[in-house]
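To start, the structure under review is shown below, and the notes come after it.
The values are calculated or read from the model by the stated rules, or taken from the named source; none is laboratory data. For clarity, every value in this text was computed on a predicted model and none was experimentally measured. Cβ atoms come from the backbone with ideal geometry, glycine included; neighbour counts cover every protein chain shown. The protein model used for the area step is the full one, side chains on, heavy atoms only, and it has no ligands, DNA or RNA in it. Shrake-Rupley method; radii C 1.70, N 1.55, O 1.52, S 1.80 Å.
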Amino acid sequence: MNKFDLLVEQATKLINTEPLPDDAEEQLQQIIDQAADKMERRMLASFAESLFVIRNE
């Protein structure tokens, strides 16, 4: 498994955690910051959108 796949796995586990941690946004940003390039960061940013929707349900 490559680094990007591991980051996706970490982000997936984070947004599926019940209840969400109070610092979920910060944790997700740390995951996104580990991405190798701009394209990977943009792909991981979609998890931020999901996290926003989950937070505001």
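Would you mind checking the tilt of helix 24-33 against the longest principal axis of the Cα atoms of the chain, expressed as 0 to 90 degrees and rounded to 10? That helix lies at roughly 10 degrees to the long axis. Computed from point charges on the beta carbon alone (+1 for Lys and Arg, -1 for Asp and Glu), the dipole magnitude for the chain about its Cα centre is near 240 Debye. Here the simple spin-label model places points 7 Å from the Cα toward Cβ, and for R41 and N56 these points are separated by 2.3 nm.
Neighbours of E57, meaning other residues whose beta-carbon lies under 14 angstrom from its beta-carbon, give a summed charge of -1 when Lys and Arg score +1 and Asp and Glu score -1. At a probe radius of 1.4 angstrom, the accessible area of the chain per residue rounds to 73 square angstrom.
At 222 nm, what helix-only mean residue ellipticity would the chain give, in deg cm²/dmol to the nearest 500, using -39500 (n - 2.57) for each DSSP H run of four or more? My calculation for the chain gives -23000 deg cm²/dmol from helical runs alone. Farthest toward the positive end of the dipole of the chain, out of M39, T12, L28, is the Cα of M39, where the dipole comes from beta carbon charges about the Cα centre. Which whole-number percent of Cα pairs in the chain have a distance greater than 12 Å? So the pairs more than 12 Å apart make up 62 percent of the total in the chain. Probe radius 1.4 Å, ligands and nucleic acids ignored: give me the carbon and sulfur share of the accessible area of the chain as a rounded percent. So the carbon and sulfur contribution to the accessible surface is 52 percent.
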